[in-house]
Every structure is written in C-alpha cells, then in structure tokens.
Amino acid sequence: MTAAPSTPAPPLLKVEQLQAHLVLRRGVVRAVDGVSLEVNAGETLGLVGESGCGKTMTILALLRLLPRPAGRIVGGAVHLDGTDVLALSEAEMAREWRGRKISMVSQDPLTSLNPVFTIGDQVGAPFRYHGLAQGRGAVRRAVRAVLGRVRIPSPETRMDHYPHQFSGGMRQRAASAMAIACSPRLLIADEPTSNLDVTIQVQMMALYRDVQRETGLGMILITHDLGIAAGLCSRVAVMYAGRIVETGDVRDIYRRPAHPYTQALLGSVPRLGQKQRRLQAIPGQPPSLIDPPPGCRFAARCPRRMARCDEAYPPDFAVAPGHRAACWLAEERP
Amino acid sequence: MLGYLSRRLLLGLVSIMGASVLIFAVSRLSGDPIVLLLPVEAPPALIAETRKAMGLDEPLWTQYLIFAGHAVTGDFGNSYRWQTPALTLVLERLPATIQLAAAALSFSIAIAVPFGVLSAVRRGSWFDTAAKAFALLGQAMPSFWVGLLLILLFAIRLNWLPAFGHGTWAHLVMPAIALGWYPVAAQTRVVRSAMLDVLDSDYIRMGRAVGAPERVLIWKYALRNAAVPLVTLLGVYLAAMLSGAFIVEVIFAWPGVGRTVVEAVFSRDFPVVQAGVFFTSILFVTSNLLVDLSYSAIDPRIRHG
Amino acid sequence: MASPAAPLPAGLLTRTLRLAQSRRFPWVPAALLGLVLVAAVGGERLAPHDPNGLDLSHALRPPFWEARGDAANPLGTDNLGRDILSRIIAGAQISSIVALYAIGVSGAVGALIGMISGYFGKALDAVIMRVVDIQMSIPALALALVFAAVLSPGLATVVIVIAVTYWTWYARIIRAEVLSLKERDYVLLAKVAGCSTATIFRRHLLPNLLNTLLVLATLQVGQVILFEASLSFLGLGIQMPDVSWGLMLADARAYITNAWWAITMPGLAIMATCLSSNLLGDWLRDTLDPRRRPL
C-alpha cells in the first residue's frame, strides 16, 4: 500500500486478514476468508457485493456477534482505536464496546426492534447499559434528545409508543437512534435503506451524513446499491466470495474499475439514456464457500479469464494510489 | 381493545348458556330420572305424583326453560341427597377448587419458565436433555398416578406431608404438584421452543449489538416475547387442569367442587351434578377471559388492534 | 373426474412402510405400541395367569426381584392374589379396544362434521363451530361425569363418553384444513365438472386429510388412554370383571401402604403407552409436514 508523504492519522478501524467460519452440518463455510480493510474517522467505507458474498458475516465478526454456536472467528486481527478487539473478553465487549464505541444498524427495521417494548425503552437501553444516564428522568431526557437528532417528531410522546405504531422509515430512524445513542466511533449500517421507499432512502442518507459530520464517526455502509454507495461513501471495498477483490476511492472505482467483477457490477446497472436491449447480468453463480477453488474465485464467470487465474489466487496489486485490486490483470498495470 | 374484550365476554356468555343446555340435555338422557330415584316397586300413583311434583311431566323444552329460569336466579334445586340447595353446596366448595387450581398453576409457571428458559439458553447441554426428557415423561403421566406416587413417597414412606385433608399449606403441596404436573411438562416445552425462536431473532441480536448484558437480554427482552405463545396456550391447559382437579380432589380428599360432583354422580344427585359442572364451566370460561386479558397486556400489538 | 387417489387400504400400507424406513423412526415407542397391540389381539391367552384368578394364599407378593417375590408373579400380585403382569396384559387389551373404537368413532364423526362445516361454510359453519365452542367450554372430565351419571358404567359407556368428548378436536382441525383445501384447483375443477359433494369429499378432500387424521389419531391414543384410566379410576368406567389400568390403580389405593408395586406397575404401563403414542405422533407430524415445528 502506498503511503502519502505526510503521515495521516492511524486508521480508526484496521482489519487484517480476518477469517470467520460457519460450522454447519454439511461442511465448514468459509464465510469471511481473509478480509482486510480500513476505515478512517469521519469517512464512510462502502462494502459492496452480491448476496451471500460475506458482507454481513464480516460486520458480525467485527462486533463478535456471529451466530452461535456455528460461527467462529478463526484468524486475523481487528483493531479499533488501537485496541485489539478480538482479544477482549465477552463482558468487556458488551460493557465497553458494543453500542458504545462500535454499533450497528440492521437491514429490516421491523424485525430489529423488539415488538413488546416501547421505543423509549429500547433506545434508552444503550444509555442505561453504558452508564451514560442514570435514573428514569435522565434516561428519558437522553432518549428524547437522540430521537430529536434522528428527526422523529414529538419524541416525548412517541417514545412511549411501540414499534408497530411507527412507519417503516420512522422505525429505521429509531433503530439508528439506538445505534448512535452513545456516540460511537464506528457505525456499521447493513443495507439500512433497502427495505424503505426511495424518498425515505434519501432522507436516511442525509441523516447519516449529518450525524457523521457532527460526530466525526467512521462508517461502514453495506449495500448492493451502487448509487447509494456513490452518494455516501468516500471509499469502496468490493467483496466477492468471502474476499475483498477491489478497494479504492469511490470515484476511482466508478471511473476506472480494475477488477472484472467490479466492472461487471457497474456494467449491470441500467443507465438512463443508454440504449441497451438487454440488462447485462453476470452469468453463473458464486462458488461454494465450503470448498472454494484454489485460484481466483471469479474466474468461472470472468469474461477475461486466463489460465493463470485458475492456478493461484491473485494478490492485491496496486492499480493507483489508494486503489488496489486482486486480479492478475492488474499486475500489468503500472 | 374494548371491542375485543366485549366480544370475548359475549362469546363466553353464549358458551355458558350453551353449556347449560348441553348439561341439561345430557342429564335427561336416561329418559326418566324417576326410575333412579324411586324404588322399582313403587306404586304408579306415587311415581306419577313425584313426577308431577318435580315438574318432570312437562315437555323437555319447558323443563329446560324452567331449569334455566331457576338457574339464572340461582336456584338449581335441592340436592336429592342432602336436601340443601345444590347451589349452596357447590358455591361453598368452589373456593377450595379455585385455591387448588391457582396453586397448581403457580407451581407450573414457577417451574416451567426457569426450566424452559435455561433449557433454551443452554441448548444441547445435559440440563437441556434432562429437561426435555422430564417434559416428555411428564406429559405421559396421569395426574392421579402422580398424586398416588406422591402420597406413597412423601406421606407414607417419609411422613413429611399429610395425605388427606385441607387447612394448612402442607395440605396444599401434594395436590398442587399432582395437578400441576402435566402443565409443568407441557409448558416447559412451550417456553423452551418459544425462547429458542426468540433468541434467534433480529431484535435480540440488535440488543446484543447495543451492549445489553446477556442476563437482561434473556430475562427481560427475550422472555417477554416468549411469554406470548405461553399465555396463548394457557387456556388449553386450564381445561385439562380443571378436569384433573376432579380426580386430584378425590385422591387427596380435597373439599372442592370436583370431589362433590364425583360423589353426586355416584348417588345420582342430579341437581348437584348439574350445578357443579355448570360452575366448573363458568370457572373455565372466566379464567379463559382472564387469560385473554393478560394476553393483551403482554402483547401491545393486540392492544392497538 | 379422474382422481389421483389410490384405493385406500393399499395406499395406507405402502405409505406406512415407506414411513417406517425414514430416518429417526422412533423404534422403541413403535415397538412398545406394537406390544400393546399384540396384547390386545392375544389377550388373556398371552397372560401367564388368569387376570381375574383369585389366589389369596399368594396375595400381596412383591415383584420377583424382591425378597418375598417369586418369578411366577414377575410383577407381583395384588391384595386378592391376582397376578399383576397378567392384569396389565388384560388391561392392554381393554385399552386398545377402547382406543380403537373411541378414536374411530370420534375421528370419523368429527372429521365428517369438520368437512361439512369447512366445505359449506357460512351459517352452517357458524352454527357447528358455536356448538364445538360450547362443548369445549366444559372441561372434558366434567362433561364425561354428566354422561356417566346417566349411563350405566361399562365398556360401551366409556367408548361413547370418550367419543363424544373428543370429536370436537377432529372437527376443529379438519375444518381448518378443509378451509384451505377447498380453494385448491382440483376441487374447483371437480365442482365445475359437476361432481357430487359426496364424491368431492371422498376422492378429493379425504386423501389430503389422511395425513392430518393419522397424526391426530396417533396423538389421541395417549389422551384416550389417560382419559379412560381417569374414568375407570373414579369407578365410572370399566367395571369388573373387565380389567383396566385405571381400575387397578383405584383398587390398589386401598392398600397403598403395603404394596408399592400395585400402584407403580399399572401407572408405568399407562405412562409407557402414552409416551410412546406421543413420540410416535410427534414423529409422524414432523415427517408428514416438515413445515410444522415440534412444540
């Protein structure tokens, strides 16, 4: 990785070769198979890829919330604000980190909120458990404040309502409130807008941008929607079959995608004004993660496949400053 | 919410009325109660007179209406055996049955909830296996057998608890356990299954993601959700429990409605049988209504339609 | 109007055989129920002694593993010297008969009423379901007691009482199934083609209800046995000289201090049979409808 002349601040989140497996009856799924990424304070990293590529597993691993008992982290390192997250005890994770320094917003706001508790109770939970507000009055004030930050109207009354009394967009705001309540350093948003109307999506994105500007938190935004990624992220990591295949500045990636998979993803997005008779889908299926092929995992579907691609997995090559791709084709680039 | 409740209330009333018809109809099945009351050799004049005196010469419809009319005013007739109003006999004994059923229910919930929760949380452990086995066995054991075994062990062999009678809490222990045995087993399975579902849910994962301690997650956030299917099924177990109460009362000589009705059946004391079963029915319908009420208290989605 | 349903008896047999070969078939419970069936068919011929044979000189013998026990009476004798093992076998026969008839009648009647209720819907359905609700608002044993008060006790009465008590379960569940089945294409096509209702019931609805009926019937075996034991225990069910496990428990109650085996053995028989039918029923339900989770 090329370093800029003036030493930048160390990254907020540094993930190195993270590996997480799911032990199932039919075999061991290598869901996260050597993922490395970095997020700096104040910036948003987009994590892009198709369903099943391991995006959700990666962020669950970061929070150490892999499904039990099948999921386990088997290798790699995760450093958040200098601390080795994988070495913390479970109690420490819960007390100091989850919800406090690192938090998450899920995809489906209906299922990620407990239906039998009030919004106020659930949004107040992080305050209570991290000792940031003691006593009913203080917690209510804190809840009211954060509900106001996510622009839920009449927070004083609405916090005594239940999730089913909120609309989809409001629910996602409430879930976001839970996540940002204790001003985390890193926020992970797992497809936060895919279940919402387009107009609401725009509002949510604006909200996240504002919160980031206010608090300087780093964000990982998982999405399969390249448009959203373009709008919100400064850098993008493209994931395929358990590994990161391309990372770089968002503009670089969109203008000069180096990995054939990224190119195919971008090519498959229909553009207004473009005359195309057919949508370009990527033929084939991702490989099984129980027994992945030894070479490049995209080779079977790649239009520019070479013999070399099946032999060995390509390392990360530098395509441009800050832009890397794991493709043998990138070796030839200067 | 009010509409929901009043609908349930109405249904309950209809059920009770219908039950009274059913009970009346069945008890007239034998055709002629006179035959059972008077000796076979009774002279026809006496038979006719008794029949007229008891209103049994009227058509069945009229008899039912008279019965219902009296029932509404609380007159179920006099016990053939004791010559006191059947209603009084039944109402005097109803509290004892309610006490027994309530004790059994409390016992069952007090055991089933922790066992079910721990079983789910420690899925696959020896505790889980033992709890599952116990639940399976418990659902196959008749309550009266459990009662007899308890008497054998605790009253006869160990002499810790009294085998019969009523009065102190010591008298309540064995009957409550015997009666609550089947519900404990069934409810443990329900709680376990519900908890397993809930613990897998997104909102529990979200709770973990904001740093809630595991203890709070399980006993506050997860349990409240798991309680919903438990309460839903409570109504079913109540019926089984009221049925079981009849036998348990007989075994432990518990002075409740059940024992009275059983004795009345043997002595062909129809008014008492009718009154007793009718009030058991009312008890059942009422407790179902209470269960419905608590259901809407636990699950706010019901409250708001 | 060609129906895909094979003639019933052969279909049932192949279906059962195929099931038995599935994974995780509960062999032990099935074997135990098989034993009960064997006892039911063999009856008293299988018993080592006459179940009603009094032998006061050998009264209150404990099981063979105890000091005063004797292998001739492996499970001991009761206060009248009757061999407990033989009585348990005889009781198995009675229980099987009761279960067979009670489930047969209540299942057939309940299923038919459920089919009618679900298929025709509207007012008929509402009335029938109201009746079901009303009957179910009276706890089963209480209702049974009212019947017992007017009918003289005995085997026939027990069968009638149980059948009348349990038909409602079949009615409700079958009705729910029929409600969804009647919207299926083949039913609608049959209606359009002019099939009579009876034919539709027989050839289109019934084959699809068999699975549910089978599961329900198996699960009911345990319930029925418990219920019959309860009635007999109270003295309102099976009467002498017929033998019932419940009746054995009632008799043993009088001398419970002296003979723990007289209380334990019949109860174990009840428990084992009930447990086996529950396990078998659960397995059937999981196998025949994988969407449903075990409770």
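The values are calculated or read from the model by the stated rules, or taken from the named source; none is laboratory data. All figures in this text were calculated on a predicted structure; none of them were measured in a lab. Here the Cβ positions follow ideal geometry from the backbone for every residue, glycine too, while neighbour counts run over all protein chains shown.
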**Request:** Name the single residue, out of those in region B:33-48 being loosely packed, with under 12 Cβ neighbours inside 10 Å and over 15 Å from B:Tyr80 (Cα atoms), that is modelled with the lowest pLDDT.
**Result:** B:Val40
**Asked** B:Val231: within 14 Å of chain A (Cβ to nearest Cβ), among the β-branched types (Val, Ile, Thr) and assigned to a helix (DSSP H, G or I), yes or no?
**Response** yes
**Message:** When the residues of region B:272-294 are narrowed to those that are of a type in the set (Gly, Ala, Ser) and facing chain C (nearest Cβ under 10 Å), which ends up nearest to the chain's Cα centre (by Cα)?
**Reply:** B:Ser281
**Item:** Unique match (being closer than 21 Å to A:Gln212 by Cβ, away from chain B (no Cβ under 13 Å), touching a residue at least 12 places away in the same chain (Cβ under 8 Å) and among the small types (Gly, Ala, Ser)) among A:Ser194, A:Ser106
**Value:** A:Ser194
**Prompt:** Of all residues in region B:108-149 being of a type in the set (Val, Ile, Thr) and over 23 Å from the mean Cα position of the chain (by Cα), which is nearest to the other protein chains (Cβ to nearest Cβ)?
**Reply:** B:Val121
**Complete:** Selection over region B:88-118 where residues are of a type in the set (D, E, K, R) and touching a Gly at 6+ places or on another chain (Cβ under 6 Å) yields a count of 1
**Request:** Output the residues belonging to region B:167-195 that are farther than 18 Å from B:Phe246 by Cα, within 13 Å of chain C (Cβ to nearest Cβ) and not hydroxyl-bearing (Ser, Thr, Tyr).
**Result:** B:Ala185, B:Ala186, B:Gln187, B:Arg189, B:Val190, B:Val191, B:Arg192, B:Ala194, B:Met195
**Prompt:** Listed residues A:Leu279, A:Leu265; which is at pLDDT below 85, not in a helix (DSSP H, G or I) and not charged (D, E, K, R)?
**Reply:** A:Leu279
**Message:** Checking the structure you have, find out if any residue of region C:129-141 is touching a strand residue (DSSP E or B) at 6+ places or on another chain (Cβ under 8 Å) and among the hydrophobic types (A, V, I, L, M, F, W, C).
**Reply:** no
**Prompt:** Within region B:150-166, is even one residue within 24 Å of B:Leu199 (Cβ to Cβ) and within 9 Å of chain C (Cβ to nearest Cβ)?
**Reply:** no
**Asked** How many residues does region C:154-200 hold that are farther than 17 Å from C:Ile116 by Cα and in contact with a helix residue (DSSP H, G or I) (Cβ under 8 Å, 6 or more places away or on another chain)?
**Response** 12
**Asked** Taking the stated definitions as given, is B:Val248 surrounded by 18 or more Cβ atoms within 10 Å (Cβ to Cβ), in a helix (DSSP H, G or I), more than 10 Å from chain A (Cβ to nearest Cβ) and not hydroxyl-bearing (Ser, Thr, Tyr)?
**Response** yes
**Item:** Matching entry among C:Leu60, C:Leu37 (being modelled with pLDDT of 80 or more, of a type in the set (A, V, I, L, M) and under 17 Å from C:Leu214 (Cβ atoms))
**Value:** C:Leu37
**Message:** Against the definition (surrounded by 24 or more Cβ atoms within 10 Å (Cβ to Cβ), under 13 Å from the mean Cα position of the chain (by Cα) and of a type outside the set (A, V, I, L, M, F, W, C)), how does B:Gly235 come out, yes or no?
**Reply:** no
**Request:** Look at A:Leu66 and say whether it is more than 9 Å from chain B (Cβ to nearest Cβ) and part of a loop (DSSP other than H, G, I, E, B).
**Result:** yes
**Message:** Whether any residue in region C:41-60 is surrounded by fewer than 20 Cβ atoms within 10 Å (Cβ to Cβ) and under 17 Å from the mean Cα position of the chain (by Cα) is what I want to check.
**Reply:** yes
**Fill in**
Of the listed residues (C:Ser95, C:Ser152, C:Ser117), the one being within 14 Å of chain B (Cβ to nearest Cβ) and touching an Asp or Glu at 6+ places or on another chain (Cβ under 7 Å) is C:Ser95
**Asked** Taking only pairs six or more apart or across chains, which ones have beta-carbon atoms under 6 Å, a first residue in region C:59-75 that is touching a residue at least 40 places away in the same chain (Cβ under 8 Å), and a second residue that is assigned to a loop (DSSP other than H, G, I, E, B) and of a type in the set (A, V, I, L, M)?
**Response** C:Leu60/C:Ala259; C:Pro63/C:Leu75
**Asked** Looking at (1) closer than 30 Å to B:Leu234 by Cα; (2) free of Cβ contacts under 8 Å to residues at least 12 places away in the same chain; (3) touching a helix residue (DSSP H, G or I) at 6+ places or on another chain (Cβ under 8 Å); (4) not small (Gly, Ala, Ser), which is the only condition C:Leu151 fails?
**Response** (1)
**Asked** If you take the residues of region C:222-242 that are away from every other protein chain (no Cβ under 11 Å) and surrounded by 23 or more Cβ atoms within 10 Å (Cβ to Cβ), which of them is nearest to B:Phe246 (Cα to Cα)?
**Response** C:Gly237
**From B:Ala226, B:Ala297, residue being within 14 Å of chain A (Cβ to nearest Cβ) and modelled with pLDDT of 85 or more** = B:Ala226
**Message:** Filter region B:200-223 down to the residues that are over 22 Å from A:Lys101 (Cβ atoms) and more than 7 Å from chain A (Cβ to nearest Cβ) and list them by number.
**Reply:** B:Asp200, B:Ile218, B:Trp219, B:Lys220, B:Ala222, B:Leu223
**Item:** Top-ranked residue in region A:296-334 [being closer than 21 Å to A:Gly284 by Cα and among the small types (Gly, Ala, Ser); ranked as surrounded by the most Cβ atoms within 10 Å (Cβ to Cβ)]
**Value:** A:Ala326
**Fill in**
Residue count, region C:178-221, condition over 29 Å from C:Ile97 (Cα atoms) and crowded, with 18+ Cβ neighbours inside 10 Å, comes to 8
**Message:** Just to be sure I understand, how many residues within region C:243-252 are closer than 15 Å to C:Asn79 by Cα and within 10 Å of another protein chain (Cβ to nearest Cβ)?
**Reply:** 3
**Message:** Residues that are among the β-branched types (Val, Ile, Thr), surrounded by fewer than 19 Cβ atoms within 10 Å (Cβ to Cβ) and either out of contact with any Pro (no Cβ under 9 Å at 6 or more places or on another chain) or in contact (Cβ under 8 Å) with a residue 12 or more places away in the chain (or both): does region A:79-94 have at least one?
**Reply:** yes
**Asked** Can B:Val262 be described as assigned to a helix (DSSP H, G or I), at the interface with another protein chain (Cβ under 7 Å from one of its Cβ atoms) and within 21 Å of B:Phe164 (Cβ to Cβ)?
**Response** yes
**Exclusive hit being surrounded by fewer than 24 Cβ atoms within 10 Å (Cβ to Cβ), modelled with pLDDT of 85 or more and under 15 Å from the mean Cα position of the chain (by Cα), set B:Arg259, B:Arg208, B:Arg215** = B:Arg259
**Request:** Specify the residue that is surrounded by the most Cβ atoms within 10 Å (Cβ to Cβ); the eligible residues are those in region C:253-266 that are out of contact with any Phe, Trp or Tyr (no Cβ under 8 Å at 6 or more places or on another chain) and more than 8 Å from chain B (Cβ to nearest Cβ).
**Result:** C:Met265
